[in-house]
Amino acid sequence: MDEPAATSIPHSASNAPSLELLSRTQPHIFINPLKKIDEGQDVSTFLISKAYGDIMTFLLQLNRAMFPLYNQDVSTSGKKRVQTWDVDCQAIEYSETVRNLRHLLEELDQIIDEVPPDPGPRRFGNASFKKWYQTVEERTSGLLKSRLSKSTLQYPHDSDVTAESELSSYFLGSFGSSQRLDYGSGHELSFLAFLGCIWKLGGFTSSSEHPHPGNDERAIVLGLIVPYLTLIRRLILTYTLEPAGSHGVWGLDDHSFIPYIFGSAQYGPAISPSDQRPIEGSRPNAPDPADVAKISAVERQRHQNMYFGAIGFIHDVKKGPFWEHSPMLYDISGIRTGWGKINKGMIKMYNAEVLSKFPVVQHFPFGSLFSFDQDPNAKPPPTSIHAANQPVRDGFGSSSAEKVAAPRESPQLGTPAPWASRATSVPGVEAVTAAPRASRGPPIPGPSVGTAAPWARGRTAMINPGDGAAAPLARKGTPSSAAESETAAPWASSQPAAASAALSPTRFPQSGARPPPPPAGRPIPPEAAGDDAAAQSMPPPTRAPWTKPP
Amino acid sequence: MSDLDKAISELRACKIIPEPQVREICHKARELLIEEANVVQVDAPVTICGDIHGQFHDLMELFRVGGDVPDTNYLFMGDFVDRGFYSLESFLLLLCLKVRYPDRITLIRGNHESRQITTVYGFYDECLRKYGSANVWRYCCEVFDYLALGALVLGTSSTLEPSFTDQSQATEAVDDDVEIEIMNSRNEITARFPRSRRRLFESDGLNSSPPGTPSKAGPPGTGATSDSGGSHLSGGAVLCVHGGLSPLIDSVDKIRLLDRKQEVPHEGAMCDLLWSDPDEIDTWGLSPRGAGFLFGPDIVKRFNHLNDLSLIARAHQLVMEGFKEMFDSSIVTVWSAPNYCYRCGNVAAILELGEDTSNGGVVSRSNGDPGRSSQAFSPNQALRSGPGRRYRVFEAAPQDPRGMPAKKPVADYFL
């Protein structure tokens, strides 16, 4: 729709920040990504890390590009035309990288055909997802090599570690947990990081300045994230992937978050390249936000708009009144100040509910491209409340009841997140917990539709079985050796061989090669241990309590 | 009509009640619950229910299928709240019924009846949304701390009584040999399983006693356990707990010794009872949930034998068919939230255990099985013969128009 022309339209790209490319002038030192967030307090370190800054920069950069743009060609009538970026928009040019990665996603989709769901009895998630994931895992190196350019994968490097190590880590974290048979916004975040890595390595930028600023970003969102979401939805439906740690009706969405961000931007008001990101208003022909509850309107919009695409999927899988099974989205649909406002809220919420939540980010691995090093330009963590309410290792007394609610009342800069105050833990109690028992075994997921313990990161403390008949627990190593070693299930049955054999294939893959357990009867505290294996497989954010992103 | 009855009828209509009244009811409930033991003793007949998770309309369907309170005795195994839209209405209704009919309804604690879990999985948000403050959440959490950890159902029958609705239809008495009956929500029998299955199983060399089995002299479920379940028609004692067993708990008595009046700890016996899951493993395993443990068939059979239990009933895990017996029927999972989270497509179930009337001198029935009585008293019996079990399976309540609420002010992020 036409709008009155503004005075002058700068042709240069906007000065909105974008994710910085590595400088090709010297070889880069890549690092095998590792998990760094081991307990709640580490989240505040994350929030001033380079990785956090890069993730937010990249997200905002993509988000901004999705707002409708005033066309730089002024029509004869003197009015500016507005270019919108619907999902089926033809005005976006895909670079070779984008085209190749689209093929990569197609290949992953074809693997679903190779691995049909297991028809046998099951609790919920379908065990065949493990096979799908295994297949992808086995083929990852080949897939990446065939679909990413050498200049990206073999980016000049200074050590044995290549860019591919970092890329494959985020790539494999993007499709759900094969152990828990679930999927959540932590996996989605991993895919965003995968794309961010390619961006930093220069894989997405056109050699010459594209005439339309934001084209590269739009190609990423519509050319890659949209088909990624399509793939994920097929995985969820095919293998009945659990909305991990679902908060039921009290979350935004069971599985996804970013389609709500980019989708609301698609309906936002038009901007010029130099404009700030709008914080309210809508493009003239945008649907009423209240349409999300109307099936017919959703059907009309779901193939053009990412927000409605996500809503459409909810309508597909949930039975019942929309306002009842999705009260948050229903409430948001009452916003009168436009899609720009919704977009702004979604970003705030993503920051608070995904990036600031321990259960979501705890398994995010950090390497050189997304680095845990402190960002010298970082502002102090915006909300100390997040940190204060992250889970500590242990301890939760009834005295904390008051503390749970308290932060709500306290004035807060930035995001007064109702949710921020929910994560609970008792500051100060931690010291009471016997340190040596502080195990950090990987949260080892199983195919369950259950609730995860909010503090679930690993088990602490084991116990004396009581009658000594079957010492249920025994574990490897000593606390001192543990920090370096791969994490085994902190304890296991007293029949080492049999028990490991029984357990490891399904739930404790990394526990197979474990030394014999100590004598039965007296349990040894599980050791704190690093956990590479878990880092690779990004358990879904959802199980963790304060996780509640959708 | 008393205030309490009024509250009950409001809540049955899925309406919330004023905050001061919530406070009062929670206070009364605490006074009741504080007197209950960690393991509540419940007499059959009783209907055992699993997770509800705020699915209020489905809870109404449960009462329709299982019979209303106080006509039917109920035992709810926790997880009343979180995830669903109506945790408040569901929990407050159950609490009001508890206060009104304390002997007719038993509520035990689930892992979601906890401050920490409810702040994460929705109940806290729901209270804020519906009352504008966290007060009601706080009152409810104070009640959670007093909920019992388990229940022991005594006086069960090994046979099935006619279904409560059967009487009008004058159906023939259920054959004594039927151990399990499955009925749908229209009160039609969909399957029956005879007990002979179990006899075959028992002759399978599995009834040798593990070493160290104590001789039995006391009432079932106590440390001095015995087989005095009563008559040869007794179905034995059934332990009900939300999650499962704990490596720290080898007898029901040890549960009785816990200090339960607190927030659910992150570990230890109390935590395990609410968080653990059965699994096909040897002995114990690490739980994927990050709390509690996985426990295998040997653990359950040994526990049941040592405590003279015929069955453990627990909830805590979605099962697509509504219930699932495991480990040679030594443990059953009962799940009572149909189409969980509006999307799982599962049916729900409740478990009815009949009363062993023979021991009360009401009727002296013989099933003509002379071997059974000596078998039942045998101190060497490894697996106790289970109670007659009727599972009523039901689906989600119909989606009749439920009215659409006005939009509430949106979350802070969108202000």
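The values are calculated or read from the model by the stated rules, or taken from the named source; none is laboratory data. Model, not experiment: these values are computed from the prediction. A quick note on method: Cβ atoms are made from the backbone with ideal geometry, for glycine too, and the neighbour counts reach across all protein chains shown. Accessible surface areas use protein heavy atoms only, side chains included; no ligands, DNA or RNA. Shrake-Rupley method; radii C 1.70, N 1.55, O 1.52, S 1.80 Å.
Restricting the first residue to the range B:176-204 and requiring it to be more than 23 Å from B:Phe394 (Cα to Cα) and of a type outside the set (D, E, K, R), which pairs with a second residue that is modelled with pLDDT of 80 or more and open to solvent by less than 50 Å² (accessible area, probe 1.4 Å) meet a Cβ separation below 8 Å and a spacing of at least six or different chains?
Close Cβ pairs satisfying both conditions: B:Ser196/B:Asp177.
Where residues in the range A:322-355 are farther than 30 Å from B:Gln55 by Cα and among the small types (Gly, Ala, Ser), which of them is nearest to the chain's Cα centre (by Cα)? Explain how you work it out, then say what you get.
Initially, the range A:322-355 is screened for residues farther than 30 Å from B:Gln55 by Cα, giving A:336-341, A:343-344, A:347-348, A:351, A:355.
In the following step, the residues that additionally are among the small types (Gly, Ala, Ser) were identified as A:338, A:340.
Values: A:Gly338: 26, A:Gly340: 23 Å.
Ranking the qualifying residues of the range A:322-355, first place goes to A:Gly340.
Could you list all residues from the range B:78-109 that are open to solvent by less than 10 Å² (accessible area, probe 1.4 Å) and touching an Asp or Glu at 6+ places or on another chain (Cβ under 8 Å)?
B:Gly78, B:Asp79, B:Phe80, B:Val81, B:Ser87, B:Leu88
Any idea how many residues of the range A:338-350 are out of contact with any helix residue (DSSP H, G or I) (no Cβ under 7 Å at 6 or more places or on another chain) and within 9 Å of chain B (Cβ to nearest Cβ)?
1
List, please: which pairs have Cβ atoms under 7 Å, are six or more places apart or on different chains, and start with a residue in the range B:58-71 that is touching a residue at least 40 places away in the same chain (Cβ under 8 Å) and in a loop (DSSP other than H, G, I, E, B) and end with one that is aromatic (Phe, Trp, Tyr) and surrounded by fewer than 17 Cβ atoms within 10 Å (Cβ to Cβ)?
From the range B:58-71, the pairs are B:Gly67/B:Phe164.
Please pick out the residue among A:Arg139, A:Arg122, A:Arg102 that is open to solvent by 10 Å² or more (accessible area, probe 1.4 Å), more than 26 Å from A:Asn63 (Cα to Cα), modelled with pLDDT of 95 or more and basic (Lys, Arg).
Of A:Arg139, A:Arg122, A:Arg102, the one residue that is open to solvent by 10 Å² or more (accessible area, probe 1.4 Å), more than 26 Å from A:Asn63 (Cα to Cα), modelled with pLDDT of 95 or more and basic (Lys, Arg) is A:Arg139.
When the range A:300-332 is examined, which residues are found to be among the charged types (D, E, K, R) and open to solvent by 20 Å² or more (accessible area, probe 1.4 Å)?
Hits for the range A:300-332 are A:Arg300, A:Arg302, A:Asp316, A:Lys318, A:Lys319.
Quick one: what pairs do we get from the range A:114-135, first residue within 17 Å of A:Pro243 (Cβ to Cβ), second modelled with pLDDT under 85, C-beta under 7 Å, 6+ apart or different chains?
Cβ pairs passing all conditions: A:Arg123/A:Pro447; A:Arg123/A:Ser448; A:Arg123/A:Val449; A:Phe124/A:Glu242; A:Phe124/A:Pro447; A:Phe124/A:Val449; A:Gly125/A:Glu242; A:Gly125/A:Pro447.
Considering A:Ser177, A:Ser128, A:Ser168, A:Ser190, which residue is open to solvent by less than 30 Å² (accessible area, probe 1.4 Å), closer than 27 Å to A:Ser256 by Cα and in contact with a strand residue (DSSP E or B) (Cβ under 8 Å, 6 or more places away or on another chain)?
A:Ser177
Among residues belonging to the range B:107-126 that are out of contact with any Pro (no Cβ under 9 Å at 6 or more places or on another chain) and among the aliphatic types (A, V, I, L, M), point out the one that is nearest to the other protein chains (Cβ to nearest Cβ).
Here the residue is B:Ile108.
Looking at (1) over 16 Å from the mean Cα position of the chain (by Cα); (2) surrounded by 22 or more Cβ atoms within 10 Å (Cβ to Cβ); (3) closer than 17 Å to A:Asn63 by Cβ, which one does A:Asn215 not meet, given that it meets all the others?
For A:Asn215, the exception is condition (2).
Just give me the residues in the range B:12-26 being over 14 Å from B:Lys130 (Cα atoms) and in contact (Cβ under 8 Å) with a residue 60 or more places away in the chain, in sequence order.
Matches in the range B:12-26: B:Arg12, B:Arg23, B:Ile25, B:Cys26.
Only one of A:Ala290, A:Ala297 is assigned to a helix (DSSP H, G or I) and either surrounded by fewer than 16 Cβ atoms within 10 Å (Cβ to Cβ) or of a type in the set (Lys, Arg) (or both); which?
Numbers: A:Ala297 fails: either surrounded by fewer than 16 Cβ atoms within 10 Å (Cβ to Cβ) or of a type in the set (Lys, Arg) (or both).
Matching residue, one of A:Ala290, A:Ala297: A:Ala290.
Identify, please: which residue in the range A:355-399 is touching a Lys or Arg at 6+ places or on another chain (Cβ under 6 Å) and modelled with pLDDT of 95 or more and is, among those, surrounded by the fewest Cβ atoms within 10 Å (Cβ to Cβ)?
If we take residues in the range A:355-399 being touching a Lys or Arg at 6+ places or on another chain (Cβ under 6 Å) and modelled with pLDDT of 95 or more, then A:Asp373 is surrounded by the fewest Cβ atoms within 10 Å (Cβ to Cβ).
Please work out if A:Ser159 is of a type outside the set (Val, Ile, Thr), in a helix (DSSP H, G or I), in contact (Cβ under 8 Å) with a residue 12 or more places away in the chain and surrounded by fewer than 19 Cβ atoms within 10 Å (Cβ to Cβ).
Here the answer is no, as A:Ser159 does not meet what is asked.
Condition check: more than 10 Å from every other protein chain (Cβ to nearest Cβ), open to solvent by 20 Å² or more (accessible area, probe 1.4 Å), of a type in the set (S, T, N, Q) and not in a helix (DSSP H, G or I). Does A:Ser274 satisfy that?
Yes, satisfied.
I'm trying to understand the selection: among the residues of the range B:127-168, which are under 23 Å from B:Ala291 (Cβ atoms), surrounded by 21 or more Cβ atoms within 10 Å (Cβ to Cβ) and within 7 Å of chain A (Cβ to nearest Cβ)?
B:Cys141 - this is the single residue of the range B:127-168 that is under 23 Å from B:Ala291 (Cβ atoms), surrounded by 21 or more Cβ atoms within 10 Å (Cβ to Cβ) and within 7 Å of chain A (Cβ to nearest Cβ).
Would you mind finding the one in A:Asn126, A:Asn100 that is over 30 Å from B:Ala315 (Cβ atoms) and not small (Gly, Ala, Ser)? Don't jump to the end; show me each part of the working.
On the way: A:Asn126 fails: over 30 Å from B:Ala315 (Cβ atoms).
Sole residue among the options that is over 30 Å from B:Ala315 (Cβ atoms) and not small (Gly, Ala, Ser): A:Asn100.
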